[in-house]
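The values are calculated or read from the model by the stated rules, or taken from the named source; none is laboratory data. Treat the numbers as computed from the prediction; the structure is a model and nothing was measured. Don't worry about glycine lacking a Cβ; one is built from the backbone with ideal geometry, like all the others, and counts go over all protein chains shown. We work out accessible area using only protein heavy atoms, side chains counted, and drop any ligands, DNA or RNA first. Shrake-Rupley method; radii C 1.70, N 1.55, O 1.52, S 1.80 Å.
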Amino acid sequence: MRVNERSTSGVHRRLVFTLGGFGALALAAVLFAPLVGGTSISLAQVFDRSQPYGSNIDAQIFFVARLPRVLAAALVGSSLALAGVVFQALLRNPLASPDTLGVSAGASLGAMLAITFNADFTLFGLSSVPLASFAGSLAALAIVYGLSVVRRSGTSTLVLLLGGVTLTALLSAVMGFVQFVADFTQTFRNVRWMMGSLDVASYGPIAGALVPTLLSWAGFALLPRVLDLMSVGSESAASRGVDVVRTERIALVSASLATGAAVSLAGPVPFIGIVVPHLVRIVVGADHRLVLPASALFGAALLIACDLVARTALAPLELPVGIVTALLGGPVFLWLLFKRA
Amino acid sequence: MSTPFLEVRDLAFAYGRGAARRGVLSDVFLDVERGSVVGLLGPNGSGKTTLLRIVAGVLEPAAGTVRLDGRPLATLSRRQLATRVAVVPQETRATFDFSVLEMVLMGRYPHLGPFELEGADDMEIARRALDDTGTLPLEQRSFATLSGGEKQRVVIAAALAQASDLLLLDEPTAALDLRYQFEIMSVLQRLNATRGTTIIVSTHDMNLAAALCQRLVLLKQGQVLAAGRTEDVLTPENLRALYDVDADVRFHDRAGHLTVVPIAARP
């Protein structure tokens, strides 16, 4: 072991272990979470090839009733976690995340406007809700980022986080207003959705969010090593051959896309974007070539687990999953603040 | 006549545009021979950092040329330049908990393909850089827990792993106490002597400059006030013109170099 570390950086080996470990965790979550629910089903039965699908009740419950929701959780969890990693590295601020920067709130407002006013169009293969959500997150990010650039404070925690908190409050007020003028049944749906809810009952909404998600992942795939260098300083990254402007563009647009896709599917599920990257770093260290894929996999697994709790804790009542992630993530976030202070 | 390793000709730079345009450098000429140590002295805002940023390729000059080994910087790609020239900033703060070895391996970035992982040769280069800056025993330590002097030596090691041709240091000892200042100076002297690394260092520390640099360039309000061999340039007259300070400049026998003692600020 020691000898091996002497000759190579060990990053190959760590990458294999990280992908293997977190990959197995995410896969286990995807396979086992759908087994739990009002009717117990067995995995052996689900994948029993001797029975035709038409008469295999377990398989139908698995694939039709429960898997869409689990896959939605996986998509949302990984997107929010990835966006969190990218914001933290790029802004050199461990407390940055879609929630704290107000990007989730921007995405929520965009999505809510599209839902409330029944906007129905597609652009470049993106349907209206994810698109509006993306526009909202990009606009919110531009405001907070612009604020910190204009103030010449670089990426100061104070400006970014106070800006994010203020923006979130402001956007919440706008959302309150939209609800106030919307009709009553619409309001109930909106309120539930704003808590962060994975009430996804078919593959349709997932397919809608898939395009922006895949686009954002293509952007993220270019970033891992560059994020290491950017997290040490943009000036030093530039002197090491990084195209800083291009990197910032790719990173911020991809993170906004991912946040937009996640929020359009499940509402602003809180704390995943900040808690997952930190928990992952405790296990794999700071290298973004490990942190980025591990956060995607762990984000998926964690949100699937939270959603499992949300739909079983008070069964047959289903809690919005955002309540579970907030109850879990809030204390972790406070602990992070305490540790930094 | 051979061309110098680094050649700066008629350089000008300004921040901002239109009415907000603020000239920082003008008519700057500079020659740096391979294997030499050159000091940049000048008051705050005199353009030292801007000049270093231009040589590092982070900023583009408004006018004039910079040539490295006879080739204009503008014809080198970002990565190509990064494999030749490395920068050590005044202070480095890692946002995340990188190990010392990880910090140094980041210097290999311009040498690797976009998705290439560091191999055995990169490890060897990184370890040699750590060894040359006396930080090899720290390689598994967390960078964030090091002292200021240790951090700065690790950052110098990362710069060496990146490019050993030309090292640019921007006030590398400004945040350090006396002992660490001396350590950094010794490391730089040793690198210059054993590796032949060419070094340009900006500093406010006259005595460090006198001890370390064979040549000095004095910058005032974006222009070169004087340039040449340290013993010719470091004079009371020049210091008065540069800082408006009366200073004693004497040769120190035990130290073996000139020393500067400020006596009075001129009104």
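At 1.4 Å probe radius, can you tell me the per residue accessible area of chain A in Å²?
Accessible area per residue: 43 Å².
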(message) Please compute the average number of Cβ atoms from other chains found within 10 Å of each residue's Cβ in peptide B:85-93.
(response) 3
(request) Could you do me a favour and compute the accessible area per residue for the stretch B:90-162, 1.4 Å probe, result in Å²? (result) 38 Å²
(request) Could you tell me the accessible area of B:Phe143 in Å² (1.4 Å probe, neighbours in place), rounded to the nearest ten? (result) 0 Å²
(request) Any chance you could check the stretch B:50-69 for residues losing 20 Å² or more of accessible area when the partner protein chains are in, compared with the chain on its own (1.4 Å probe)? (result) B:Arg53, B:Val58
(message) Placing +1 on the Cβ of each Lys and Arg and -1 on the Cβ of each Asp and Glu in chain B, which of B:Gly18, B:Leu73, B:Pro267 has its Cα farthest towards the positive end of the resulting dipole?
(response) B:Gly18
(request) Using all C-alpha to C-alpha distances in the stretch A:137-296, build P(r) with 10 Å bins and read off the rounded percent in each one. (result) 9, 30, 38, 17, 5, 0
(request) With only Lys, Arg, Asp and Glu charged, each at its Cβ (+1 for the first two, -1 for the last two), find how big the charge dipole of chain B is about the Cα centre; round to the nearest 20 debye. (result) 540 debye
(message) Please give the charge dipole size of the protein assembly as shown, origin at the Cα centre, charges +1 on K and R Cβ atoms and -1 on D and E Cβ atoms. Round to the nearest 20 debye.
(response) 220 debye
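In Å² (nearest 100), what accessible area is buried between B and A, both sides summed, heavy protein atoms only, 1.4 Å probe?
Numbers: alone 13640 and 16000 Å², together 26830 Å².
Buried surface at the B/A interface: approximately 2800 Å².
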(message) Can you tell me which of A:Ala107, A:Ala24, A:Ala140 moves the most in a GNM of chain A? Springs connect C-alpha atoms under 10 Å apart.
(response) A:Ala24
(message) If each DSSP helix of 4+ residues adds -39,500 (n - 2.57) and the sum is divided by the residues in chain A, what number results at 222 nm, nearest 500 deg cm²/dmol?
(response) -24000 deg cm²/dmol
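Percent relative contact order of chain B, based on C-alpha pairs within less than 8 angstrom and at least six residues apart?
About 23 percent, as a whole number.
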(message) Leaving out ligands, DNA and RNA, and with a 1.4 Å probe, what % of the accessible surface on the stretch B:1-139 is carbon or sulfur?
(response) 49 percent
(request) Taking the dipole about the Cα centre of the protein assembly as shown, with the C-beta of Lys and Arg at +1 and of Asp and Glu at -1, give me whichever of A:Leu222, A:Val86, A:Phe177 is farthest to the positive side. (result) A:Phe177
(message) What is the distance in Å between the Cα centroid of the stretch A:266-341 and that of the stretch A:152-223?
(response) 16 Å
(message) Considering all projection directions equally, how large on average is the shadow of the alpha-carbon convex hull of the stretch A:158-229, in square nanometres?
(response) 7.7 nm²
(request) Tally up the carbon and sulfur contribution to the accessible surface of the stretch B:166-219 as a whole percent, 1.4 Å probe, everything protein left in place. (result) 52 percent
(request) Working from Cα positions, state the angle (0 to 90°, nearest 10) between the long axis of helix B:178-195 and the longest principal axis of chain B. (result) 70 degrees
(message) Using all alpha carbons of chain B, what is the percent of pairwise distances in each 5 Å bin, ordered from the shortest bin to the longest?
(response) 1, 6, 12, 16, 18, 16, 13, 9, 5, 2, 1, 0
(message) Viscosity 0.890 mPa s, temperature 25 °C: what is the translational diffusion coefficient of the stretch B:150-189 from Stokes-Einstein with a Kirkwood Rh over Cα pairs, rounded to a whole number of µm²/s?
(response) 234 µm²/s
(request) Compare B:Leu242, B:Leu51, B:Leu188 in a GNM of chain B, Cα atoms joined below 10 Å, and give the one with the largest fluctuation. (result) B:Leu242
(message) Taking the Kirkwood radius as the inverse of the mean 1/r across Cα pairs, report the Rg/Rh of the stretch A:193-238.
(response) 1.25
(request) Quick one: what are the phi-derived ³J(HN,Hα) couplings along the stretch B:221-238, Karplus 6.51/-1.76/1.60 with θ = phi - 60°, whole Hz, x for glycine and proline? (result) 6, x, 10, 7, 7, 7, 8, x, 5, 3, 5, 7, 8, 7, 10, x, 5, 5
(request) Pull up all non-local amide H partners of B:Leu219: gap of 5 or more, or a different chain, and H-to-H distance under 5 Å with H placed in the peptide plane. (result) B:Leu41, B:Gly42, B:Leu225
(request) Calculate how large, on average over all directions, the projected area of the Cα convex hull of the protein assembly as shown is; give the answer in nm² to one decimal. (result) 34.1 nm²
(message) Cα atoms only: what Rg and Dmax, in Å, come out for the stretch B:90-162?
(response) 11.4, 33
(request) Could you size up the charge dipole of the stretch B:78-215 around its Cα centre, putting +1 on the beta carbon of Lys and Arg and -1 on that of Asp and Glu, and report it in debye to the nearest 20? (result) 300 debye
(message) How tilted is helix B:148-162 with respect to the longest principal axis of chain B? Cα atoms for both, answer in degrees (0 to 90, nearest 10).
(response) 70 degrees
(request) Would you please classify the overall shape of the stretch B:33-77 from the alpha carbon gyration tensor, given that a ≥ b ≥ c denote the square roots of the eigenvalues, rounded means a/c under 1.5, and beyond that prolate means a/b larger than b/c while oblate covers the rest? (result) oblate
(request) Starting with the highest mean, order A:268-276, A:109-117, A:186-194 by the number of other Cβ atoms within 10 Å, averaged over the residues of each peptide. (result) A:268-276, A:109-117, A:186-194
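Are there DSSP H segments in chain A that both extend 18 Å or more along their axis (alpha-carbon positions) and score a mean Kyte-Doolittle hydropathy of at least -0.5? List them, or say none. Before the final figure, lay out the partial values.
Working: long enough: A:11-32 (31 Å, 1.50); A:67-90 (34 Å, 1.72); A:103-116 (19 Å, 1.59); A:128-150 (32 Å, 1.80); A:157-181 (36 Å, 2.04); A:204-221 (26 Å, 1.29); A:244-266 (32 Å, 1.17); A:288-312 (35 Å, 1.30); A:321-340 (28 Å, 1.53).
Membrane-span-like by this criterion, though nothing is claimed about a membrane: A:11-32, A:67-90, A:103-116, A:128-150, A:157-181, A:204-221, A:244-266, A:288-312, A:321-340.
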(request) Pick out, from B:Phe143, B:Val154, B:Ile200, the residue whose Cα sits farthest towards the positive end of the charge dipole of the stretch B:121-267, with +1 on the Cβ of Lys and Arg and -1 on the Cβ of Asp and Glu. (result) B:Ile200
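I'd like the mean, over residues of A:226-235, of how many other protein chain beta carbons sit within 10 Å of each residue's own Cβ. Don't skip to the end; give the middle numbers.
Working: counts 2, 1, 8, 3, 1, 6, 12, 7, 1, 7.
Across the residues of A:226-235, the mean count of other-chain Cβ atoms within 10 Å is 5.
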(request) Whole Å is fine, so just give me how far the alpha carbon centre of the stretch B:147-210 lies from that of the stretch B:44-60. (result) 18 Å
(message) How are the alpha carbon pair distances in the stretch B:1-52 distributed across 10 Å bins from zero to the largest one, expressed in percent?
(response) 21, 46, 25, 8, 1
(message) Given a 1.4 angstrom probe, I'd like the percentage of the accessible area of chain A that is carbon and sulfur, rounded to a whole number.
(response) 73 percent
(message) Averaged over its residues, how many other protein chain Cβ atoms are within 10 Å of peptide A:236-248's Cβ atoms?
(response) 6
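Please report the projected area of chain A's Cα convex hull averaged over all directions, in nm².
If you wrap the Cα atoms of chain A in a convex hull and average its projections, you get 20.4 nm².
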(message) Using the Kirkwood radius over C-alpha pairs as Rh, can you work out the diffusion coefficient of the stretch A:211-299 via Stokes-Einstein at 37 °C, viscosity 0.692 mPa s, in µm² per second?
(response) 238 µm²/s
(request) For n ≥ 4 DSSP H runs only, could you compute -39500 (n - 2.57) per run for chain B, divide by its residues and tell me the 222 nm figure to the nearest 500? (result) -9000 deg cm²/dmol
(message) Given a 1.4 Å probe, show me the residues in the stretch B:101-134 buried by at least 20 Å² of accessible surface when comparing the whole protein assembly to the chain alone.
(response) B:Glu102, B:Met106, B:Tyr109, B:Phe115, B:Leu117, B:Glu118, B:Ala120, B:Met123, B:Arg127
